[in-house]
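Reading through the structure tokens given below for one structure.
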């Protein structure tokens, strides 16, 4: 384990914004995470954990320690006649892990293909796409707890998984996800009725798709709709689809014909992208900060936008959607930085997510 002073974070965030870490470390095991407690230089610093950097917006330099989990592991834990339990290290690229499970003839994660990020980040956000959430297939999450200096195994029920949420979102500095296990099916139970999956398969002439073909279809749809971060800096969908009461959803549909709504338990999920587009933001650009022309949920960096500029644009979008629809958008992306509040405080009153800092600092 080697500490890295003044590390350039531009390659470690998919927005591609300029930022530096006062100190950084690459971790290849839970044991190395424990060793940080004994390091005088690193132990007292405020921590920021960056996996693939695909769900974060950095608004400035990080004055503490950036932890880069690079724990690589793929393995089969248990095999039964109808299911197989598999495990992935926190540093495994998510899409490569999904493809590995498909290569084993397993089904469950195919709708989550091509989601950027790492295996370790997946349960933190409870990633979901095209009618499937990680929660449906999660078995357990292994974490290293810096406060107790212990490795913990948390089963799916204990992870507090909800819509783009988990207990880990509130332990982002106190705990490090090290491994994640999944229970996947030998017999495909394909989810094809969300979005454009069926039409994509039909265009390819596929009537009885395999899980791999579903993953390919999902990947093709995502590539058309979402800009490649290697070509245009972004972190995918910036905002969550808001959950509202059925009464509010009905009233909004009367006032705003065409507003897409989706059942979500006792609530109704609205399309954030539709509302943002109706407010005129799709394709908007101010300097190098903008909104993708292909998808209104995606904020982009056209080259040299700062994190603060992108965050300020996000605040303006939130304000305009709330003014028109009476609905407050919340981000999927974490906006972090020691100076976030100072930079854009006047633009984000009442929006604490724009000044978020990791919790659990010793």
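The values are calculated or read from the model by the stated rules, or taken from the named source; none is laboratory data. Model, not experiment: these values are computed from the prediction. Note that we place each Cβ from the backbone using ideal geometry, even for glycine, and neighbour counts take in every protein chain shown.
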Of residues in region 135-159 being outside any strand (DSSP E or B) and either in the same structural domain as residue 37 (by TED's automatic domain parsing) or free of Cβ contacts under 8 Å to residues at least 40 places away in the same chain (or both), the one surrounded by the most Cβ atoms within 10 Å (Cβ to Cβ): 159
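Every residue, every condition in (1) farther than 22 Å from residue 13 by Cα; (2) assigned by TED's automatic domain parsing to the domain that holds residue 194; (3) modelled with pLDDT of 90 or more, yes or no:
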position	(1), (2), (3)
265	yes, no, no
290	no, no, yes
294	no, no, yes
297	no, no, yes
305	no, no, yes
313	no, no, yes
326	yes, no, yes
342	no, no, no
357	no, no, no
Failed criterion for residue 213 (all others in (1) at pLDDT below 95; (2) not in a strand (DSSP E or B) hold): (1)
Options 131, 117, 89: the member that is touching a strand residue (DSSP E or B) at 6+ places or on another chain (Cβ under 9 Å), assigned by TED's automatic domain parsing to the domain that holds residue 152 and on the phi > 0 side of the Ramachandran plot: 117
Residue among 199, 219 that is assigned to a helix (DSSP H, G or I), modelled with pLDDT of 90 or more and over 17 Å from residue 95 (Cβ atoms): 199
Filter result (surrounded by fewer than 24 Cβ atoms within 10 Å (Cβ to Cβ) and either over 15 Å from the mean Cα position of the chain (by Cα) or in a loop (DSSP other than H, G, I, E, B) (or both)) within region 116-134: 116, 117, 126, 127, 130, 131
Matching entry among 235, 247 (being outside any loop (DSSP other than H, G, I, E, B) and touching a residue at least 40 places away in the same chain (Cβ under 8 Å)): 235
Complete set of residues in region 1-42 that are in contact with a helix residue (DSSP H, G or I) (Cβ under 7 Å, 6 or more places away or on another chain) and surrounded by fewer than 14 Cβ atoms within 10 Å (Cβ to Cβ): 37
Matching residues, region 48-66, being surrounded by 19 or more Cβ atoms within 10 Å (Cβ to Cβ) and over 30 Å from residue 184 (Cα atoms): 48, 57, 58, 59, 60, 62, 64, 65, 66
